[in-house]
Amino acid sequence: MNISELFIRKPVMTTLSSVALVTFGIVAYYQLPISDLPTVDYPVMTISVAYPGASPATMASTVASPLEQECMQIPGLVSVISDNTEGQTLITLTFELDRTVDLVAPDVQAAISRASANLPTDLPAPPTYSKDNPSDKPIMYLSLRSATMTAGEMYDYANRTIGQRISMIEGVSEVQVYGSKRTVRVQVDPQKLAAYQLGLDEVCQAVQQGTVTIPGGSLNGPFRTFSIEPQGQLLRAAEYEQLIVAYRNDAPVRLNDIGHCIDSVDNDLLDSLFSEHGGQPEHNSICITISRQAGANTVALANRIRATLDTVRAELPASLVLGIFYDRSEKIVESIVDVKTTILIALVLVTAVIFLFLGRVRDTIIPSVAMPFSILGTFVCMKALGFSLDNLSLMGLTLCVGFLVDDAIVELENTVRHIEKGVAPFEASIISAKEISGTVISTSVALMIVFVPLVFMSGVVGRNFHEFAMTV
């Protein structure tokens, strides 16, 4: 007795197995993440260092060089690319594909710790590292703009209010705000510095000492205790202008005597413009990007983000306009719908061709049912293997529709041949299964062998086509 005969002789078991397969297949279909391409975790790390005021040459020699020397010692490193700009260094580390990002992260942290002794001591913050997956770009871009607020004020709202709310959404891995923080710029006149016989180092020291925040202690009375909170942190340009830099002729020299202070942002050389539907560009705008976690459903995550944005808009000031100017889920939905339509059209056309040649509705139903059952069973396996519904996996399903129909038609035609010779349908199906099952299985195995090399292919191409080959 072969496996086909077992299912023929036990119709109740066959029916229950089919119902279970359909049920689990439908559940797996709705739980599969939706994406445009398979989720591939590339072992790429990015180290970022900020050193405001330093030139690109200074960043390369004092910041990038010590970090690169230590990172070279990490095993499995393929390439190191440094990007040094004004006050900013980005180092991209690419590792071999067989190394996972989670195992690389401790090595990168150790390299940063070893290089910290050779870095400038006055860095505002230590170097940071993050995972950088080139295949997983942001799924949504938001625009925050205002006609009355400054760029620094909008950055505070974007970073503290909007960014924190979106980061709490399940499936969001990172929220980046592209803007500049509020800051006070001190612009001094060299001629006035020379007249007072002052140097820039004295000005820097005066600013650093004049804006410190220190604990003030407390005042203890017989019945009450009062906390002393010195207002040592200056926030506005007008407050900075009153700082005393030095004394000349027993008179204080303040910042407004040698220059002036302005309320500005960290980087005033870049301006973010936003134009909607070809309208007039708006200068006061902030860009917010949202990235998803690996394996998260892009479409479902985009819907959750939109629902959160509706709540956030009600809490923002009326002068702020929050909008979405790019949503990758829309393109993914369109692409997936096109592929699904292609599969449905293929199923309908195959069923129509079978009916035209067989001429019997009852015989046409048999191979027609085999196709959706096999596809639903594939969804269960895809869910177990952690695959996603993307263009490549759905392309594999479309390709296999023809394979499924060929096997079903061969089995059906052989059974009909025995029935036409006078054999009872039940016995004809058992005889046909004994005669054809081996041939059908060998044919299917021969077709699958073609895709086996894709499963074991190495490199970036192999990573992307692994899911396609396994789906087939």
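The values are calculated or read from the model by the stated rules, or taken from the named source; none is laboratory data. Remember, it's a predicted structure, so these values are computed and weren't measured experimentally. Heads up, the Cβs are rebuilt from the backbone with ideal geometry, glycines too, and the neighbour counts pull from every protein chain shown. The protein model used for the area step is the full one, side chains on, heavy atoms only, and it has no ligands, DNA or RNA in it. Shrake-Rupley method; radii C 1.70, N 1.55, O 1.52, S 1.80 Å.
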(request) Looking only at the stretch 409-424, decide whether some residue is surrounded by fewer than 17 Cβ atoms within 10 Å (Cβ to Cβ) and within 35 Å of the chain's Cα centre (by Cα). (result) no
(request) Please state which one of Phe426, Phe403, Phe373 is closer than 30 Å to Val299 by Cα and of a type in the set (A, V, I, L, M, F, W, C). (result) Phe373
(request) Say whether the condition of being open to solvent by 70 Å² or more (accessible area, probe 1.4 Å), under 30 Å from Glu153 (Cβ atoms) and of a type outside the set (D, E, K, R) is met by at least one residue in the stretch 325-336. (result) yes
(request) Output yes when any residue across the stretch 173-192 is among the acidic types (Asp, Glu), over 44 Å from the mean Cα position of the chain (by Cα) and either more than 30 Å from Glu315 (Cβ to Cβ) or modelled with pLDDT under 80 (or both), and no when none is. (result) yes
(request) Go through (1) over 23 Å from the mean Cα position of the chain (by Cα); (2) exposed (fewer than 15 other Cβ atoms within 10 Å of the Cβ); (3) in a strand (DSSP E or B) one by one and return the number of the condition Val27 breaks. (result) (3)
(request) Would you be able to tell me the number of residues in the stretch 170-213 that are surrounded by 12 or more Cβ atoms within 10 Å (Cβ to Cβ) and farther than 15 Å from Val245 by Cα? (result) 15
(message) Can you say whether Phe325 is touching a helix residue (DSSP H, G or I) at 6+ places or on another chain (Cβ under 9 Å) and of a type in the set (Phe, Trp, Tyr), as far as the supplied structure shows?
(response) no
(request) Collect the residues in the stretch 425-464 that are among the polar types (S, T, N, Q), in a helix (DSSP H, G or I) and open to solvent by 70 Å² or more (accessible area, probe 1.4 Å), keeping them in residue-number order. (result) Thr439
